[in-house]
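Throughout, read-outs are computed from the coordinates displayed, never taken from laboratory work. Source: prediction; values computed, not measured. Glycine also receives a Cβ, built like all others from the backbone with ideal geometry; neighbour counts cover every protein chain displayed.
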Amino acid sequence: MAFVVRRLTEDDAEALRTLRLEALQTVPEAFLSSYEEEAAKPFAWFRTVARGPDRNAIFGAFEDGVLAGMAGFVAGERVKERHKGTLVGVYVRPSLQRQGAGRALVEAVIAHAATRVTVLEATVSASNHPAVALYRSLGFIRFGTEPKAVQIGGRFLDNDLLQIDFSGRPS
């Protein structure tokens with residue numbers, strides 16, 4: 001199945017909102033935000049997120065012109081954390097799962113981050129074995145686990161804390 005990965009723009013805000021809300025309903029354990037929180041946000045918020053400042057970015061995987069996957073990068077804003085960024089909001093619709101779209105999206109974020117920060121961090125549910133395996137295959141190293149990081153309906157989930165250190169890598 002063919003797909004195209006590119007950085008989202010303000011023109012993609014409606015598609016981003018639709019996919020993000022779908023993701024929050026489909027796999028709520030994969031996100032710290034909830035469907036209710038983000039469904040209540042004004043459309044302008046999604047436009048701002050899609051546009052993002054230069055250091056931040058959201059990449060989308062498009063299947064037949066329709067946004068079907070996403071992954072974001074958020075750079076540290078505080079002076080003492082500007083060397084770090086975070087991989088966020090990774091989701092791929094079932095039609096593109098196991099087709100390489102998730103890998104391509106995370107690779108796009110890694111390439112973007114490598115030119116802007118020294119360390120790229122990620123958090124993933126410790127029980128999400130396919131995501132953990134993907135991140136490890138792309139160079140992320142687990143540096144810890146946060147017990148009871150997320151609570152959904154009275155159930156607690158642990159998160160693995162991951163990072164890639166770009167120090168010493170050729171640019």
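Tell me which of Ala113, Ala23, Val92 sits at the most positive position along the dipole axis of the chain, charges placed on C-beta atoms (Lys, Arg +1; Asp, Glu -1).
Projecting each Cα onto the dipole axis, the largest value belongs to Ala113.
Modelled label-to-label distance, Arg82 and Glu107, 7 Å Cα→beta-carbon offset: nm?
For the pair Arg82/Glu107, the computed spacing is 3.2 nm.
Between Glu121, Glu14, Glu77, find the one with the highest GNM mean-square fluctuation for the chain; connect C-alpha pairs within less than 10 Å.
The residue that fluctuates most here is Glu77.
Give me the percent of Cα-Cα pairs in the chain that sit more than 20 Å apart, rounded to a whole number. Spell out each step's value before the answer.
On the way: 7596 of 14535 pairs.
Percentage above 20 Å: 52.
Rounded to whole Hz and in sequence order, give me ³J(HN,Hα) for the range 16-33 from the Karplus expression 6.51 cos²θ - 1.76 cosθ + 1.60, θ = phi - 60°, writing x for Gly and Pro.
Values per residue, Gly and Pro as x: 4, 4, 4, 5, 4, 5, 4, 4, 5, 7, 6, 10, x, 5, 8, 9, 7, 6 Hz.
Relative to the Cα centre, what is the charge dipole magnitude of the range 9-124, using +1 at the beta carbon of each Lys and Arg, -1 at the beta carbon of each Asp and Glu, and rounding to the nearest 20 debye? Please report the intermediate quantities before stating the final value.
On the way: 14 positive and 16 negative charges, 92 e Å.
Value, rounded to 20: 440 debye.
Relative to a virtual label point 7 Å from the Cα of Arg155 in the Cα→beta-carbon direction, which members of the range 29-51 show backbone nitrogen distances below 19 Å?
29-36
For the chain, set up a Gaussian network in which alpha carbons nearer than 10 Å are linked by springs, and say which option among Asp64, Asp12, Asp158 fluctuates the most.
Result for the chain, Cα springs under 10 Å: Asp64 fluctuates most.
Starting from the amide H of Val88, placed 1.01 Å from N in the peptide plane, find each other amide H under 5 Å away whose residue is 5 or more places distant or on another chain.
Sorted by chain and number, the residues that satisfy this are Gly72, Phe73, Val74.
Mind giving me the nanometre distance, one decimal, between the label points for Val4 and Thr115, set 7 Å out from Cα along Cα→Cβ?
Going by the 7 Å Cα→Cβ label model, 1.9 nm.
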